1. Pairs to check: Lys15/Lys173; Lys170/Lys198; Lys198/Lys220; Lys182/Lys237; Lys35/Lys243. Give those whose C-alpha atoms are more than 28 Å from each other in this structure.
2. Counting alpha carbon pairs within less than 8 Å and at least 6 residues apart, what relative contact order, in whole percent, applies to the range 21-71?
3. Can you give the alpha-carbon Rg of the chain over 2.2 N^0.38 Å, where N counts its residues?
4. When a/c is below 1.5 the answer is rounded, else prolate if a/b is larger than b/c, else oblate, so apply that to the range 43-110 with a ≥ b ≥ c taken from the square roots of the Cα gyration tensor eigenvalues.
5. With contacts defined as alpha carbon pairs under 8 Å and 6 or more residues apart, what's the relative contact order of the range 153-266 in percent?
6. Need one word for the range 74-136: rounded, prolate or oblate. Basis is the Cα gyration tensor (sqrt eigenvalues a ≥ b ≥ c); a/c below 1.5 gives rounded, then a/b vs b/c decides.
7. Cut-off 10 angstrom, C-alpha nodes, Gaussian network model of the chain. Which of Ile116, Ile54, Ile270 fluctuates the most?
8. Of Phe245, Phe204, Phe178, which has the largest mean-square fluctuation in a 10 Å C-alpha GNM of the chain?
Amino acid sequence: MKTDEKKYYFMEDEKENERLASKVDPDQFVEKYLKPYLYDGISVLDVGSGPGVIGRAIGEFCSCDNIVALDIVSGRVVAAKQNMSGNTKSSATQGDAISLPFLSNSFDFVMARFLIEYVSNPELAIDEMVRVCKPGGRIFFQDLDGQILWHYPEDKELQLGLENIMNYLKLYKGFDPFAGRKLYHYAFSAGVSDIYVKAESYHFFPGKIDRKNYELWEMKFNNAMESATKILGSRNKALELKKHFLDYFSREDTLTYSVVFTVSGIKPKIFPDLALYGGDHNGTNGFEKEGTI
Ligand SMILES: C[S@@+](CC[C@H](N)C(=O)[O-])C[C@H]1O[C@@H](n2cnc3c(N)ncnc32)[C@H](O)[C@@H]1O
């Protein structure tokens, strides 16, 4: 397998900026998850920023010294520049999470939302995020677990089609539908201390899905159509699976869910050079746990 094949963001589509921006309420996200960590004068890096709407909301929430949005797709970077243009302290740049184009110890707050599931070498990406974070600074991750895969009652044909797609994406694109549950371990292994973990339901559709979410899933399938066509062998098969999935969502007797994991912690003030010390963990392990499922 060619490495650059895994780097390719398989959701790429001209409507991906629009889909990502409409999937999150950035002000609500900042209020719910980031508020305790933000303060005036902070420097922020958002890795896998998408169209930069979260960066814009952070800049509106507090007076940052510097906000950088980084994404591997040039179209995302253009959108992020546009969305963040009202803030002179913000910028957007193209780059790969596994080799961040920044000096070590550069940012007070380094975040990645819904990125790790797409990265074929998540441990490396997390090491990089820790590297560019200042000692004493904060790392924040959020990722999904089980999206598209968990439903009841079982529809064998649908489940098989979805699992085929997921298996292919895992093997050939490095996509991990169970990244959420792994964030804690990744953060621990990267030497992050004072780790906070939270699990909540994310997709949660008992009965017929509402119109807005129906349209978002339709858009998600459309954006992944090229990949689905390759995986299933024909466009017709991809369209059939999309219809089957949306029909399932439209039933009154079905339930679909997935989980979102939030993990954050501190880069210890005295941080060993992991390359020199063989990757030993040096955190303090002051855990704060919260379970909402
Ligand atoms: C699901 S989107 C999440 C966007 C944004 N963080 C949000 O929460 O809406 C994943 C983003 O990660 C970017 N991405 C994927 N692989 C990447 C990599 N190796 N390095 C940097 N960005 C990457 C994609 O281009 C895409 O914009």
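1. Those over the limit are Lys182/Lys237; Lys35/Lys243.
2. On the way: 62 pairs, mean separation 22.7, N = 51.
With pairs under 8 Å counted, the relative contact order is 44 percent.
3. Values: Rg = 19.2 Å, N = 293, 2.2 N^0.38 = 19.0 Å.
Normalised Rg, Cα atoms only: 1.01.
4. Values: a/c = 2.06, a/b = 1.10, b/c = 1.88.
It is oblate, given that a/c is not under 1.5 and a/b is not larger than b/c.
5. Numbers: 120 pairs, mean separation 50.4, N = 114.
So the answer I get is 44 percent.
6. Working: a/c = 2.20, a/b = 1.30, b/c = 1.69.
Cα axes put the range 74-136 in the oblate bin.
7. Looking only at Ile116, Ile54, Ile270, the largest GNM fluctuation is found for Ile270.
8. Phe204
Every read-out reported here was derived from the displayed coordinates using simple, explicitly stated rules and does not represent laboratory data. Owing to the predicted nature of the structure, the values given are computational and were not obtained by experimental measurement.
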